[in-house]
Amino acid sequence: MKLFEQIFGIKKLQREPKAGDLLVVEPFLDEEYFERSVVLMLEHNTQDGCVGLILNHCSDIKLNQLIHKEKCTAPIPLYMGGPIGHNQLLFIHTLGDRFKNSLPIGNSGLYLGGDTDEVIKYINSSDYDERCIKFFSGYCAWTAEQLRNEINEKTWVVTSPTDIMGMLSARDKSYWNEIVETLGEDYRVWSLCPPEASFN
């Protein structure tokens, strides 16, 4: 087990995450929502807690199955952002200058939310580009202490995003592999691990 950890475990001390960072899960976490997931941190607050969205879990449900069809005519993908609040529709985008009330997500170049009527008008227009906006059902949440403990237990690698379009187009576990490749030589071996492998 110690040799396994030496080969596949997280090697470096991780910094405290901030809004706009990515959390990359270690390859052996066997949980439905978090297996091979990459999480975008929306908020990290020592008092109010931490909130994020899983970027790479595309569901079989389309956006127009959740809202009135006259408001959304295109079969836009819906992503499972996490295990909490599935009755909440969230969206991230690059269109902060287009939608009123959009909130910047750290220094990532992405924005959260915005005026719903303006968003619906956009997704039904000829300007709509799925590379610019992404919709989620649900989100992830931790207390600051809980997330800190998970990072100290080597569940997550904290990294900064380098490709906004990649974050918005990520659909499945292959995105986890793409991000792992950016983490450097210490983590390249993760991509070789079969999902069923474990420390046990």
- [ ] Restricting attention to region 34-66, report how many residues are part of a loop (DSSP other than H, G, I, E, B) and either touching a strand residue (DSSP E or B) at 6+ places or on another chain (Cβ under 6 Å) or crowded, with 16+ Cβ neighbours inside 10 Å (or both).
- [x] 6
Task: Which numbered condition K100 misses (of (1) in contact with an Asp or Glu (Cβ under 6 Å, 6 or more places away or on another chain); (2) within 20 Å of L22 (Cβ to Cβ); (3) not acidic (D, E)) - done: (2)
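Residue by residue, here is whether (1) buried (at least 20 other Cβ atoms within 10 Å of the Cβ); (2) in a helix (DSSP H, G or I) holds:
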site: L95; (1), (2): no, no
site: R98; (1), (2): no, no
site: N107; (1), (2): no, no
site: D117; (1), (2): no, yes
site: K121; (1), (2): no, yes
site: S125; (1), (2): no, no
site: E130; (1), (2): no, no
site: K134; (1), (2): yes, no
site: Y139; (1), (2): yes, no
Open item on the list: Which condition from (1) of a type outside the set (D, E, K, R); (2) in a helix (DSSP H, G or I); (3) at pLDDT below 95; (4) in contact with a Gly (Cβ under 9 Å, 6 or more places away or on another chain) is the one that M165 breaks?
Closed with: (4)
Open item on the list: Anything in region 107-138 that is touching a Lys or Arg at 6+ places or on another chain (Cβ under 6 Å) and either in contact (Cβ under 8 Å) with a residue 40 or more places away in the chain or within 16 Å of L78 (Cβ to Cβ) (or both)? List them, or say none.
Closed with: I120
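Tell me the residue from N45, N56 that is within 22 Å of Y111 (Cβ to Cβ) and in contact with an Asp or Glu (Cβ under 7 Å, 6 or more places away or on another chain), please.
Going through N45, N56 in turn, the sole match is N56.
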Task: Where G85 falls short, out of the listed (1) over 16 Å from the mean Cα position of the chain (by Cα); (2) over 21 Å from A170 (Cα atoms); (3) surrounded by 13 or more Cβ atoms within 10 Å (Cβ to Cβ) - done: (1)
Open item on the list: Taking the condition of being polar (S, T, N, Q) and under 16 Å from E32 (Cα atoms), how many residues in region 46-68 meet it?
Closed with: 2
Task: Subset of region 34-75 [among the basic types (K, R) and either under 20 Å from the mean Cα position of the chain (by Cα) or under 30 Å from E145 (Cα atoms) (or both)] - done: R36, K62
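The values are calculated or read from the model by the stated rules, or taken from the named source; none is laboratory data. As the structure is a computational prediction, the values presented were derived from the model and not from experiment. When we count neighbours, we look across all protein chains shown, and the Cβ atoms used for this are built from the backbone with ideal geometry, even at glycine.
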